[in-house]
Structure formats: structure tokens, C-alpha cells
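The values are calculated or read from the model by the stated rules, or taken from the named source; none is laboratory data. None of the values given here were measured: they were computed from a predicted structure. Positions of Cβ are generated from backbone atoms using ideal geometry, with glycine treated the same way; all protein chains shown enter the neighbour counts. These area figures cover heavy atoms from the full protein model, side chains too; ligands, DNA and RNA do not enter into them. Shrake-Rupley method; radii C 1.70, N 1.55, O 1.52, S 1.80 Å.
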Amino acid sequence: MHPFRTAVEARDDAAIEALLAENVVFTSPVAFQPYPGKAITAAILRAVSRVFEDFRYVREIGEGRDHALVFEATVDGKQLTGCDFVHLDEDGKIDELMVMVRPLSAATALAARMGAQFEQIKAEATASSRADS
């Protein structure tokens, strides 16, 4: 089992953050622009854990430094299926994390819930960046 999956399933925010490279780039299923950096990525992942209900991984596909972790969850009563596409750098840290979800109705609910979290996400990321410097 991939360490990222293990950390997410355990809801271990510290372990998740420890797996991220400083230069990680997070690509959201509902935002056009990718989010570069460990602090913002970790804050987004914490928010996702607050938004998703009944989250569970159902399949793991991996080869070398590329892994796909298929998951199911619920957002505001809408069931969704998604996939975390994870790329590892030469040190084994996650340097790319792209998430895709379906169907559109669930993606729309996810976008609304994450949008409501975004001020808190930015505040957490800023506080984390200050603590690291």
C-alpha cells in the first residue's frame, strides 16, 4: 500500500504533509490554476478531509514513481468517484498531485464546499509558510 494512501486513510495530517516535496504542485479537479508549494497543498488536503464524507480508497495502481489511487466519497449527499494521481521525485516525496472526480454534479458540490473553505485554506497555508521560515 502506498504511504500516501496509508496516511490519508489514517487521517494523519502530519504524515501526509511529511510525504510532500517542498515544490509539490497540486492540480485540483475544480480549479483551473494549479497550486504550487507544500504549505498550500497540505492546507487543501486538510480541507478536503473536512469536506469529504465516507471517504475510502478502492483501488491502487502504481509503477515506479507514478501511482493512481482511486477513491469514493460523498459530498453533500452526492456520491463521487475520484482518483489521486501521484508522482514521486527522486527522493520519494510527492512532487505532483493531480485529483480528478466525477460525476459533474458531485464535482460541482465539491467546488462549492471547497470554495467555502478557501479563506481558511489560505490562512493555514500562510501560517505554515511563516512557521517554516
Notebook entry, point to check: R0 = 41 Å: FRET efficiency of Q79 with A127, Cβ-based, nearest 0.05?
Noted result: 0.75
Note to self: Per residue, how large is the accessible surface of the range 59-116? Use a 1.4 angstrom probe and give square angstrom.
What the structure shows: 54
Item checked: Partner aspartates and glutamates for K78 [C-alpha distance under 13 Å; skip if fewer than 8 residues away on the same chain] -> E53, D54
Notebook entry, point to check: Under Stokes-Einstein, with the Kirkwood radius over Cα pairs standing in for Rh, what whole-number D in µm²/s applies to the chain at 10 °C and 1.306 mPa s?
Noted result: 107
Check: Hey, rough spin-label estimate for R50 and E72, points 7 angstrom out along Cα→Cβ, what's it come to in nanometres?
Finding: 2.7
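On the accessible surface of the range 1-120, probed at 1.4 Å, how many percent belong to carbon and sulfur atoms? If you can, show how the numbers build up before the last one.
Working: 3400 of 6360 Å².
Carbon with sulfur: 53 percent of the solvent-accessible area.
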Notebook entry, point to check: Once the other residues with Cβ under 13 Å from the Cβ of F71 are scored (Lys, Arg +1; Asp, Glu -1), what is the net sum?
Noted result: -2
Note to self: Out of all Cα-Cα pairs in the range 56-133, roughly what percent, to the nearest whole number, are more than 15 Å apart?
What the structure shows: 67
